[in-house]
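This report concerns only the one structure given below.
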Amino acid sequence: MIKELWAKYSTYVFIGIGALILIVALVFIGQWWAGRSANALADRLRQEFQVENRALYDNLAVLKDRTQQLEQQYSIQKGELDKIRRNQKGSATDAFNNPDKKVAASYFDNTIDSYIPSN
């Protein structure tokens, strides 16, 4: 019985196994081909993007450098201004002991102007 089934269907079994092997081989070849093509396309697009945007990258680098310079100058100037304000401000005792009453008036005027109410 098995010999009869084998004799009758062996051709179909071999054709099925061959077709399965062919399909698996075609899938692997297709993946290899698509991967290679996708990598080539990605490389080409990357190069085009870099060429088109080189000027933008250069401008960004210049602006970043300029921003750092301005931040450094700002911090230096802010420190100097804070130092000057501390030296000029004095204390309430200094303002009252000064014979010129305009000094006391300007001290309290500055104190009121710089007051920030808490929440």
I need the full set of residues from the range 61-102 which are at pLDDT below 75 and over 50 Å from the mean Cα position of the chain (by Cα), in order please.
93, 94, 95, 96, 98
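Take residue 17 and decide whether it is of a type in the set (A, V, I, L, M, F, W, C), surrounded by 10 or more Cβ atoms within 10 Å (Cβ to Cβ) and within 30 Å of residue 114 (Cβ to Cβ).
no
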Would you mind stating whether residue 95 is assigned to a helix (DSSP H, G or I) and either in contact (Cβ under 8 Å) with a residue 12 or more places away in the chain or touching a strand residue (DSSP E or B) at 6+ places or on another chain (Cβ under 7 Å) (or both)?
yes
Cβ-Cβ under 6 Å, sequence separation 6+ or interchain: first residue in the range 38-55 and hydrophobic (A, V, I, L, M, F, W, C), partner surrounded by 10 or more Cβ atoms within 10 Å (Cβ to Cβ) and outside any helix (DSSP H, G or I). Which pairs?
none
Residue 56: passes all of (1) under 48 Å from the mean Cα position of the chain (by Cα); (2) exposed (fewer than 10 other Cβ atoms within 10 Å of the Cβ); (3) modelled with pLDDT under 75 but (3)
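The values are calculated or read from the model by the stated rules, or taken from the named source; none is laboratory data. What you see is a predicted model; the values in this text were computed from it and never measured. Cβ atoms come from the backbone with ideal geometry, glycine included; neighbour counts cover every protein chain shown.
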